[in-house]
Amino acid sequence: MAAWEGKSKGNKLGYGIFIALLKYAGVLPAYILLVFVAGYYYLFSWKSSRAIWYYFRKRLNFSFFKSLLKLYSNYYWFGQAIIDRIVMMAGISNRFTFNFDGEAHLHEMVRRGKGGLLLSAHIGNWEIAGHLLKRLQTKINIVMFDGEHEQLKQYLENTTGQRNANIIVIKNDLSHIYEIIEALNKSELVCMHSDRFLPGNKTFDAMFLGEKARFPQGPFLLASKLEVPVSFVFALKETLYHYHFFATKGVIYKNISGNTPQHILNAFTEAMTEKVKAYPSQWFNYYNFWRA
């Protein structure tokens, strides 16, 4: 299985061009330029294309022609996700609209004062939803790999400002676990992407789209052992300017007999399957995810 390295694509010049275009011309011209940038990755990014092609062709059973179209649209949606994140973080004028399906569940988690785990995946655009969830009036922590090049990350932060949420960086010494527990003890929300892992990480197997796949153990072990509500959350783009946020009801799995990490993972993959089938071009997992 080809390993994911925890790094994002792109470079300082590329981001700089898009940010300048967004500031002086708006979102639509940036989307037009993205047509050609997505085409470049579609033609020349063989490693990621191979993984996404397998996903469309073998796991979703799309036809050859439909898979070709979906492969390009996947790169285009991914580029839109990056552009939209910059727009929201930098406060650039835009026409975005949102609706929140299940937001009441998150307000209930905040009201109960126990904090909560929000388990998500690289589906859609979680960061833009995280930026908007400040209306929950509680601190949000996002657990993530620190795989971006330091210079590029600093450049983005200098241009768009710090992320609205606190970032908990995953470390080899597992010290991030203590940061997560500390945040939950303060009744804060912690969001974890639960569909990727780095080489050497411990994993669980689960059936996903008809094939056995590997998921990181950490999020599901925490969900089974901590007495905090757990919600599965996703933010998907439905039209050029409209997002749809989904959140399931918070469940405290520790208090339910028989809810092992594997059972929680199975529930999570069911939620992932539903969203992937509804929005097939918006799962951005550019490495060989399945054991096959």
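The values are calculated or read from the model by the stated rules, or taken from the named source; none is laboratory data. Quantities reported herein were computed from a predicted structural model and do not represent experimental measurements. Don't worry about glycine lacking a Cβ; one is built from the backbone with ideal geometry, like all the others, and counts go over all protein chains shown. The accessibility values were calculated without ligands, DNA or RNA, using every heavy atom of the protein model including side chains. Shrake-Rupley method; radii C 1.70, N 1.55, O 1.52, S 1.80 Å.
What is the mean projected area of the alpha carbon convex hull for region 161-240, to one decimal in square nanometres? Mind showing how you got there, number by number?
Numbers: hull surface 32.5 nm².
Mean shadow area of the hull around the Cα atoms is 8.1 nm².
Give the lysines whose C-alpha is closer than 23 Å to that of Lys23, dropping any in the same chain fewer than 8 places away, or say none.
Straight-line reach from Lys23, under 23 Å: Lys9, Lys12, Lys153, Lys237.
How far is the Cα center of region 37-58 from the Cα center of region 179-227, in Å?
27
Please work out whether region 24-145 counts as rounded, prolate or oblate from its C-alpha gyration tensor, where a ≥ b ≥ c are the square roots of the eigenvalues and a/c under 1.5 means rounded, while otherwise a/b larger than b/c means prolate and anything else oblate? Could you put the intermediate results ahead of the total?
On the way: a/c = 2.64, a/b = 1.53, b/c = 1.72.
It is oblate, given that a/c is not under 1.5 and a/b is not larger than b/c.
Cβ under 15 Å from Asn255's Cβ, Asn255 left aside: what net charge do those residues give with Lys, Arg +1 and Asp, Glu -1? Could the numbers behind the result be given before it?
Values: positive: Arg112, Lys114, Lys225, Lys249, Lys254; negative: Glu227.
Spelling it out: positives minus negatives among the neighbours equals +4.
Rounded to the nearest 20 debye, what is the charge dipole size of the chain about its Cα centre when +1 sits on each Lys and Arg Cβ and -1 on each Asp and Glu Cβ? Please report the intermediate quantities before stating the final value.
Working: 34 positive and 21 negative charges, 100 e Å.
Dipole about the Cα centre, nearest 20: 480 debye.
Quickly estimate the mean residue ellipticity at 222 nm for the chain, helices only: each DSSP H run with n ≥ 4 gives -39500 (n - 2.57), and the total goes over all residues, rounded to 500.
Details: 10 runs with 133 residues, N = 292.
Theoretical 222 nm ellipticity from helices: -14500 deg cm²/dmol.
Scan the chain and note any complete DSSP helix (H) whose C-alpha atoms cover at least 20 Å along its axis and whose Kyte-Doolittle average is 1.0 or more.
On the way: long enough: 27-44 (25 Å, 1.91); 64-90 (40 Å, 0.57); 261-278 (26 Å, -0.30).
Passing helices, by number: 27-44.
Accessible area per residue for the chain in Å², computed with a 1.4 Å probe and the full protein assembly in place, what is it? Write down the numbers at each step before the final one.
On the way: 13960 Å² over 292 residues.
Accessible surface, normalised per residue, equals 48 Å².
Run the accessible area of region 7-108 with a 1.4 Å probe and give the carbon-and-sulfur part as a rounded percent. Walk me through the numbers on the way to the answer.
Details: 3600 of 5550 Å².
Whole-percent figure for carbon plus sulfur exposure: 65.
Which shape class applies to region 195-248: rounded if a/c is under 1.5, otherwise prolate when a/b exceeds b/c and oblate if not, where a ≥ b ≥ c are the square roots of the Cα gyration tensor eigenvalues?
Working: a/c = 2.38, a/b = 1.45, b/c = 1.64.
In terms of gyration-tensor shape, oblate.
Once you've got the Cα coordinates, tell me which of Lys254/Lys277; Lys212/Lys254; Lys47/Lys139; Lys58/Lys171 are over 28 Å apart.
On the way: Lys254/Lys277 30 Å; Lys212/Lys254 26 Å; Lys47/Lys139 37 Å; Lys58/Lys171 34 Å.
With Cα atoms farther than 28 Å apart: Lys254/Lys277; Lys47/Lys139; Lys58/Lys171.
Which order do the peptides 133-142, 267-276 come out in when sorted by mean C-beta neighbours inside 10 angstrom, highest first? Mind showing how you got there, number by number?
Working: 133-142: 16.8, 267-276: 18.7.
So the order, starting with the most tightly packed, is 267-276, 133-142.
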